[in-house]
Amino acid sequence: MFGFLKAKVASFFNYFSSKIAGFFASSRAVDDIYFNELEDVLIGADVGSAKSKEFVDQLRLEAQAGATSAQLKDSLQRLMRANLEKFPVAETAPKIVLVVGINGAGKTSFIGKYAKCLMGQGKRVLIVAADTFRAAAVDQLAEWATRSGAEFFDGQGRQDPAAVVFDGCKKFVKENFDHVIIDTAGRVQSKEHLMRELEKVHKVIAKAAPDHAAATWIVIDGTLGQNSLEQAMLFNDAAVLSGIVLTKLDSSARGGIVFAICDALKIPVVYMSHGESINDILLFSPDSYVRGIFDA
(Lines give C-alpha, C1' and ligand atoms only; values in the text may rest on other atoms or scores of the structure.)
Protein backbone atom coordinates (compact mmCIF):
# COMPACT_ATOMS: atom_id res chain seq x y z
CA MET A 1 0.00 0.00 0.00
CA PHE A 2 2.56 2.55 1.12
CA GLY A 3 6.33 2.53 0.80
CA PHE A 4 8.45 3.06 3.85
CA LEU A 5 9.05 6.82 3.69
CA LYS A 6 12.47 7.31 5.19
CA ALA A 7 12.16 11.09 5.42
CA LYS A 8 9.05 10.72 7.57
CA VAL A 9 10.41 8.10 9.94
CA ALA A 10 14.01 9.16 10.45
CA SER A 11 13.17 10.66 13.85
CA PHE A 12 11.84 7.28 15.04
CA PHE A 13 15.36 6.00 15.30
CA ASN A 14 17.14 8.92 17.00
CA TYR A 15 18.10 6.98 20.12
CA PHE A 16 18.88 3.63 18.55
CA SER A 17 20.65 5.09 15.52
CA SER A 18 22.82 7.46 17.51
CA LYS A 19 23.93 4.70 19.87
CA ILE A 20 24.59 2.22 17.06
CA ALA A 21 26.42 4.83 14.98
CA GLY A 22 28.53 5.91 17.92
CA PHE A 23 29.40 2.36 18.85
CA PHE A 24 30.54 1.20 15.42
CA ALA A 25 32.22 4.51 14.51
CA SER A 26 34.73 4.27 17.33
CA SER A 27 37.95 2.32 16.92
CA ARG A 28 38.19 -0.40 19.51
CA ALA A 29 39.37 -3.93 19.93
CA VAL A 30 36.80 -6.65 19.34
CA ASP A 31 37.00 -8.13 22.81
CA ASP A 32 34.75 -8.86 25.79
CA ILE A 33 34.38 -5.15 26.56
CA TYR A 34 33.26 -4.55 22.97
CA PHE A 35 30.51 -7.16 23.17
CA ASN A 36 29.42 -6.15 26.66
CA GLU A 37 29.01 -2.54 25.52
CA LEU A 38 27.13 -3.59 22.39
CA GLU A 39 24.77 -5.69 24.48
CA ASP A 40 24.17 -2.66 26.73
CA VAL A 41 23.30 -0.56 23.65
CA LEU A 42 20.76 -3.11 22.48
CA ILE A 43 19.17 -3.52 25.89
CA GLY A 44 19.03 0.27 26.27
CA ALA A 45 17.12 0.45 22.97
CA ASP A 46 14.46 -1.95 24.35
CA VAL A 47 15.55 -4.94 22.29
CA GLY A 48 15.26 -6.96 25.50
CA SER A 49 17.92 -8.87 27.43
CA ALA A 50 17.25 -12.29 25.91
CA LYS A 51 17.16 -11.08 22.31
CA SER A 52 20.17 -8.79 22.84
CA LYS A 53 22.18 -11.69 24.23
CA GLU A 54 21.15 -13.87 21.30
CA PHE A 55 22.37 -11.26 18.80
CA VAL A 56 25.63 -10.67 20.64
CA ASP A 57 26.39 -14.37 21.14
CA GLN A 58 26.11 -14.91 17.39
CA LEU A 59 28.43 -11.97 16.75
CA ARG A 60 30.94 -13.39 19.23
CA LEU A 61 31.07 -16.59 17.16
CA GLU A 62 31.71 -14.60 14.00
CA ALA A 63 34.43 -12.61 15.73
CA GLN A 64 36.12 -15.83 16.77
CA ALA A 65 36.15 -16.77 13.09
CA GLY A 66 37.96 -13.52 12.27
CA ALA A 67 35.17 -11.01 11.54
CA THR A 68 36.09 -7.33 11.88
CA SER A 69 33.98 -4.68 13.59
CA ALA A 70 32.70 -3.47 10.20
CA GLN A 71 31.72 -7.01 9.28
CA LEU A 72 30.00 -7.45 12.65
CA LYS A 73 27.97 -4.32 11.98
CA ASP A 74 26.75 -5.85 8.72
CA SER A 75 26.05 -9.12 10.51
CA LEU A 76 23.99 -7.37 13.18
CA GLN A 77 21.82 -5.83 10.47
CA ARG A 78 21.41 -9.23 8.88
CA LEU A 79 20.43 -10.84 12.19
CA MET A 80 17.89 -8.12 12.94
CA ARG A 81 16.38 -8.33 9.48
CA ALA A 82 16.16 -12.13 9.68
CA ASN A 83 14.47 -11.87 13.08
CA LEU A 84 11.66 -9.75 11.62
CA GLU A 85 11.40 -11.64 8.33
CA LYS A 86 10.68 -14.92 10.13
CA PHE A 87 7.09 -13.75 10.48
CA PRO A 88 5.90 -12.49 7.08
CA VAL A 89 2.78 -10.40 6.58
CA ALA A 90 -0.04 -11.97 4.57
CA GLU A 91 -0.07 -10.80 0.97
CA THR A 92 -3.77 -9.94 1.03
CA ALA A 93 -5.48 -7.76 3.61
CA PRO A 94 -7.79 -9.71 5.94
CA LYS A 95 -11.52 -9.21 5.45
CA ILE A 96 -12.13 -8.83 9.18
CA VAL A 97 -9.71 -7.12 11.54
CA LEU A 98 -10.30 -6.98 15.28
CA VAL A 99 -8.16 -4.20 16.80
CA VAL A 100 -7.09 -4.58 20.44
CA GLY A 101 -4.82 -2.68 22.80
CA ILE A 102 -4.88 -0.51 25.89
CA ASN A 103 -6.52 2.92 25.99
CA GLY A 104 -4.23 5.62 24.70
CA ALA A 105 -2.13 3.35 22.50
CA GLY A 106 -3.52 4.87 19.28
CA LYS A 107 -6.18 2.31 18.28
CA THR A 108 -8.76 4.85 17.16
CA SER A 109 -6.47 6.86 14.91
CA PHE A 110 -4.94 3.70 13.44
CA ILE A 111 -8.37 2.36 12.51
CA GLY A 112 -9.18 5.57 10.65
CA LYS A 113 -5.85 5.57 8.85
CA TYR A 114 -6.06 1.89 7.92
CA ALA A 115 -9.59 2.39 6.63
CA LYS A 116 -8.31 5.23 4.46
CA CYS A 117 -5.61 2.92 3.06
CA LEU A 118 -8.22 0.37 2.05
CA MET A 119 -10.57 3.03 0.68
CA GLY A 120 -7.69 4.27 -1.46
CA GLN A 121 -7.66 0.86 -3.13
CA GLY A 122 -11.29 1.21 -4.04
CA LYS A 123 -12.54 -1.07 -1.24
CA ARG A 124 -15.80 -0.67 0.67
CA VAL A 125 -14.95 -0.50 4.36
CA LEU A 126 -17.11 -0.74 7.45
CA ILE A 127 -15.86 0.43 10.86
CA VAL A 128 -17.59 -1.07 13.90
CA ALA A 129 -17.45 0.76 17.24
CA ALA A 130 -17.43 -1.98 19.88
CA ASP A 131 -15.67 0.04 22.59
CA THR A 132 -18.92 0.74 24.42
CA PHE A 133 -17.31 1.28 27.83
CA ARG A 134 -15.62 4.63 27.18
CA ALA A 135 -17.99 7.55 26.68
CA ALA A 136 -15.99 9.39 24.02
CA ALA A 137 -14.75 6.31 22.17
CA VAL A 138 -17.67 6.02 19.77
CA ASP A 139 -17.66 9.74 18.91
CA GLN A 140 -13.91 9.74 18.32
CA LEU A 141 -14.10 6.70 16.07
CA ALA A 142 -17.03 8.21 14.18
CA GLU A 143 -14.90 11.26 13.44
CA TRP A 144 -12.06 9.14 12.09
CA ALA A 145 -14.52 7.11 10.02
CA THR A 146 -15.78 10.33 8.45
CA ARG A 147 -12.24 11.45 7.71
CA SER A 148 -11.45 8.13 6.05
CA GLY A 149 -14.68 7.92 4.05
CA ALA A 150 -15.56 4.52 5.54
CA GLU A 151 -19.06 3.62 6.68
CA PHE A 152 -19.62 3.60 10.43
CA PHE A 153 -21.66 1.28 12.66
CA ASP A 154 -22.14 1.88 16.39
CA GLY A 155 -24.98 -0.48 17.29
CA GLN A 156 -27.40 2.38 17.94
CA GLY A 157 -26.49 2.79 21.58
CA ARG A 158 -26.27 -0.89 22.54
CA GLN A 159 -23.87 -1.45 25.44
CA ASP A 160 -22.89 -5.09 24.96
CA PRO A 161 -19.73 -5.09 22.79
CA ALA A 162 -20.35 -8.61 21.47
CA ALA A 163 -23.87 -7.65 20.37
CA VAL A 164 -22.50 -4.64 18.49
CA VAL A 165 -19.87 -6.83 16.83
CA PHE A 166 -22.48 -9.41 15.85
CA ASP A 167 -24.76 -6.83 14.24
CA GLY A 168 -21.82 -5.11 12.58
CA CYS A 169 -20.57 -8.36 11.07
CA LYS A 170 -24.06 -9.22 9.83
CA LYS A 171 -24.13 -5.82 8.11
CA PHE A 172 -20.68 -6.50 6.63
CA VAL A 173 -21.93 -9.77 5.12
CA LYS A 174 -25.40 -8.62 4.07
CA GLU A 175 -24.23 -5.42 2.37
CA ASN A 176 -21.16 -7.06 0.82
CA PHE A 177 -18.46 -4.82 2.24
CA ASP A 178 -14.89 -5.69 1.30
CA HIS A 179 -13.50 -5.16 4.80
CA VAL A 180 -14.71 -4.60 8.35
CA ILE A 181 -12.50 -3.12 11.07
CA ILE A 182 -13.69 -3.62 14.65
CA ASP A 183 -12.63 -1.44 17.56
CA THR A 184 -12.58 -2.98 21.06
CA ALA A 185 -12.38 -1.62 24.60
CA GLY A 186 -8.89 -0.88 25.87
CA ARG A 187 -9.87 -1.01 29.50
CA VAL A 188 -8.43 -4.10 31.15
CA GLN A 189 -10.25 -4.73 34.43
CA SER A 190 -8.53 -8.08 34.85
CA LYS A 191 -6.98 -10.74 32.70
CA GLU A 192 -10.02 -12.96 33.21
CA HIS A 193 -12.43 -10.19 32.21
CA LEU A 194 -10.41 -9.44 29.09
CA MET A 195 -10.28 -13.10 28.09
CA ARG A 196 -14.01 -13.60 28.53
CA GLU A 197 -14.89 -10.52 26.54
CA LEU A 198 -12.55 -11.22 23.61
CA GLU A 199 -13.52 -14.88 23.49
CA LYS A 200 -17.16 -13.83 23.26
CA VAL A 201 -16.38 -11.37 20.48
CA HIS A 202 -14.54 -14.03 18.47
CA LYS A 203 -17.47 -16.40 18.84
CA VAL A 204 -20.00 -13.90 17.52
CA ILE A 205 -17.73 -13.01 14.58
CA ALA A 206 -17.57 -16.69 13.64
CA LYS A 207 -21.34 -16.94 13.93
CA ALA A 208 -22.16 -13.75 12.02
CA ALA A 209 -19.50 -14.10 9.30
CA PRO A 210 -18.65 -17.81 9.14
CA ASP A 211 -16.94 -17.58 5.75
CA HIS A 212 -14.25 -15.17 6.94
CA ALA A 213 -11.51 -15.66 9.51
CA ALA A 214 -10.85 -12.66 11.73
CA ALA A 215 -7.34 -11.29 12.15
CA THR A 216 -6.56 -9.80 15.57
CA TRP A 217 -4.06 -6.95 15.56
CA ILE A 218 -2.67 -5.38 18.71
CA VAL A 219 -1.81 -1.69 18.73
CA ILE A 220 1.38 -1.06 20.70
CA ASP A 221 2.61 2.33 21.91
CA GLY A 222 6.25 2.40 20.84
CA THR A 223 7.26 4.78 23.63
CA LEU A 224 6.39 2.33 26.41
CA GLY A 225 9.33 -0.03 25.89
CA GLN A 226 9.23 -3.27 27.85
CA ASN A 227 5.74 -2.48 29.18
CA SER A 228 4.55 -2.98 25.60
CA LEU A 229 5.82 -6.54 25.63
CA GLU A 230 3.91 -7.26 28.84
CA GLN A 231 0.73 -5.84 27.33
CA ALA A 232 1.16 -7.88 24.16
CA MET A 233 1.60 -11.09 26.13
CA LEU A 234 -1.56 -10.35 28.15
CA PHE A 235 -3.67 -9.74 25.07
CA ASN A 236 -2.22 -12.76 23.31
CA ASP A 237 -3.38 -14.93 26.20
CA ALA A 238 -6.88 -13.52 25.78
CA ALA A 239 -7.10 -13.67 21.98
CA VAL A 240 -4.50 -15.21 19.72
CA LEU A 241 -2.88 -12.23 18.03
CA SER A 242 -1.92 -12.29 14.36
CA GLY A 243 -0.31 -8.89 13.85
CA ILE A 244 1.28 -5.89 15.56
CA VAL A 245 0.69 -2.21 14.84
CA LEU A 246 3.34 0.16 16.19
CA THR A 247 2.29 3.69 17.09
CA LYS A 248 3.93 6.83 18.47
CA LEU A 249 7.35 5.95 17.11
CA ASP A 250 8.68 9.48 17.49
CA SER A 251 12.02 10.71 18.83
CA SER A 252 11.27 9.37 22.32
CA ALA A 253 10.73 5.80 21.12
CA ARG A 254 13.78 3.56 21.21
CA GLY A 255 12.68 1.24 18.42
CA GLY A 256 14.12 -2.04 19.62
CA ILE A 257 10.93 -3.36 21.23
CA VAL A 258 9.91 -4.58 17.76
CA PHE A 259 12.40 -7.42 17.94
CA ALA A 260 11.38 -8.53 21.43
CA ILE A 261 7.63 -8.56 20.69
CA CYS A 262 7.92 -10.33 17.33
CA ASP A 263 10.17 -12.96 18.83
CA ALA A 264 7.94 -13.53 21.85
CA LEU A 265 4.65 -13.76 19.97
CA LYS A 266 5.91 -15.18 16.65
CA ILE A 267 3.81 -12.72 14.65
CA PRO A 268 4.68 -9.88 12.26
CA VAL A 269 4.48 -6.14 12.57
CA VAL A 270 1.94 -5.12 9.94
CA TYR A 271 1.82 -1.31 10.15
CA MET A 272 3.43 1.69 11.74
CA SER A 273 1.15 4.60 12.63
CA HIS A 274 2.34 8.05 13.66
CA GLY A 275 0.99 11.57 13.83
CA GLU A 276 -2.54 12.91 13.42
CA SER A 277 -2.81 13.09 9.64
CA ILE A 278 -5.08 10.52 8.01
CA ASN A 279 -2.11 9.54 5.81
CA ASP A 280 0.37 9.03 8.67
CA ILE A 281 0.55 5.26 8.31
CA LEU A 282 3.22 3.01 6.84
CA LEU A 283 3.18 -0.60 5.75
CA PHE A 284 5.91 -2.25 7.81
CA SER A 285 9.06 -3.36 6.02
CA PRO A 286 11.69 -5.32 8.01
CA ASP A 287 14.44 -4.29 5.61
CA SER A 288 13.55 -0.61 5.72
CA TYR A 289 13.10 -0.67 9.49
CA VAL A 290 16.55 -2.12 10.06
CA ARG A 291 18.15 0.21 7.51
CA GLY A 292 16.42 3.09 9.26
CA ILE A 293 18.09 2.14 12.53
CA PHE A 294 21.57 1.99 10.97
CA ASP A 295 21.27 4.79 8.41
CA ALA A 296 18.93 7.44 9.90
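In segment 71-88, the residue that is farthest from Leu246 (Cα to Cα) out of those that are open to solvent by less than 60 Å² (accessible area, probe 1.4 Å) and among the polar types (S, T, N, Q) is Ser75. Being crowded, with 19+ Cβ neighbours inside 10 Å, in contact with a helix residue (DSSP H, G or I) (Cβ under 8 Å, 6 or more places away or on another chain) and under 22 Å from His274 (Cβ atoms) is a condition met by no residue of segment 188-208. Taking into account only those residues within segment 119-143 that are among the hydrophobic types (A, V, I, L, M, F, W, C) and buried (at least 22 other Cβ atoms within 10 Å of the Cβ), which is modelled with the lowest pLDDT? Restricting to residues being among the hydrophobic types (A, V, I, L, M, F, W, C) and buried (at least 22 other Cβ atoms within 10 Å of the Cβ), the top hit is Ala137.
Only one of the listed residues (Thr92, Thr68) is polar (S, T, N, Q), open to solvent by 10 Å² or more (accessible area, probe 1.4 Å) and either touching a residue at least 12 places away in the same chain (Cβ under 8 Å) or under 19 Å from Tyr289 (Cβ atoms) (or both). That residue is Thr68. For segment 152-177, a tally of residues being farther than 23 Å from Glu199 by Cβ, open to solvent by 50 Å² or more (accessible area, probe 1.4 Å) and of a type outside the set (S, T, N, Q) returns 4. Scanning segment 167-186 turns up no residue that is more than 18 Å from Ile278 (Cα to Cα), at pLDDT below 95, of a type in the set (A, V, I, L, M, F, W, C) and not in a loop (DSSP other than H, G, I, E, B). Among the residues making up segment 38-65, those that are open to solvent by 10 Å² or more (accessible area, probe 1.4 Å), among the aliphatic types (A, V, I, L, M) and within 23 Å of Gln226 (Cα to Cα) are Val41, Ile43, Ala50.
Here is a yes/no grid of residues against (1) modelled with pLDDT of 80 or more; (2) open to solvent by less than 10 Å² (accessible area, probe 1.4 Å); (3) over 22 Å from Val201 (Cβ atoms); (4) not hydrophobic (A, V, I, L, M, F, W, C):
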{"position": "Asp237", "(1), (2), (3), (4)": "yes, no, no, yes"}
{"position": "Ile244", "(1), (2), (3), (4)": "yes, yes, no, no"}
{"position": "Thr247", "(1), (2), (3), (4)": "yes, yes, no, yes"}
{"position": "Ile261", "(1), (2), (3), (4)": "yes, yes, yes, no"}
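The values are calculated or read from the model by the stated rules, or taken from the named source; none is laboratory data. Small disclaimer: the values here were computed from a predicted structure and weren't measured. For neighbour counting, all protein chains shown are included, and Cβ atoms are generated from backbone atoms with ideal geometry for every residue, glycine included. Just the protein is used for accessible areas: all its heavy atoms, side chains included, with ligands, DNA and RNA removed. Shrake-Rupley method; radii C 1.70, N 1.55, O 1.52, S 1.80 Å.
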